[in-house]
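Presented below is the structure to which this report refers.
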Amino acid sequence: HMSGDESTNARDRLHGVWLIVEAEWQSTELKDFLRKLDVLYRVYYLKKTTHGEGDGRGHGPQERMATANSRIVDSEAPEGLWRNCYSKAWLDKQRPHFVKDLKIREEQYDFSL
């Protein structure tokens, strides 16, 4: 998975506040990039709904929070990503044939927005 979410209590679930469950295979650069996308989407959504472009139905984007002690899970990593998307420490723990099967792109992904 890219990352999961879990709530800490019923009140947070009601208000759409979720803690991010980290995927061990992700690099820090990828995690930071995904957090920035979360923020940009919330800003986009707010601008859209405050300027009358949205219809106001449904729930808005969830607030996904990373914490210093976020749970980390060893989930299935997607194939074919750029090398800098994968955690080097995680890759170093994997068997060579497994890493080969990931079909990693040797170029570096540009995480700039």
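The values are calculated or read from the model by the stated rules, or taken from the named source; none is laboratory data. As the structure is a computational prediction, the values presented were derived from the model and not from experiment. Cβ sites come from the backbone with ideal geometry, for glycine too, and all protein chains shown count toward neighbours. Each accessible area value is taken on the protein alone, full model and side chains, heavy atoms only, with ligands, DNA and RNA left out. Shrake-Rupley method; radii C 1.70, N 1.55, O 1.52, S 1.80 Å.
Being open to solvent by 100 Å² or more (accessible area, probe 1.4 Å), free of Cβ contacts under 8 Å to residues at least 60 places away in the same chain and under 27 Å from Tyr41 (Cβ atoms) is the filter here; which residues of the range 102-113 pass it?
Arg105, Glu107, Gln108, Asp110, listed by residue number.
Working only within the range 45-79, note down all residues that are surrounded by 11 or more Cβ atoms within 10 Å (Cβ to Cβ) and either β-branched (Val, Ile, Thr) or modelled with pLDDT of 80 or more (or both).
Scanning the range 45-79 gives Thr49, Arg71, Ile72, Val73, Ser75, Ala77, Pro78.
Name the residue that is farthest from the chain's Cα centre (by Cα), counting only residues in the range 90-101 that are surrounded by 10 or more Cβ atoms within 10 Å (Cβ to Cβ) and either β-branched (Val, Ile, Thr) or closer than 18 Å to Glu29 by Cα (or both).
Applying the filter and picking the extreme gives Val99.
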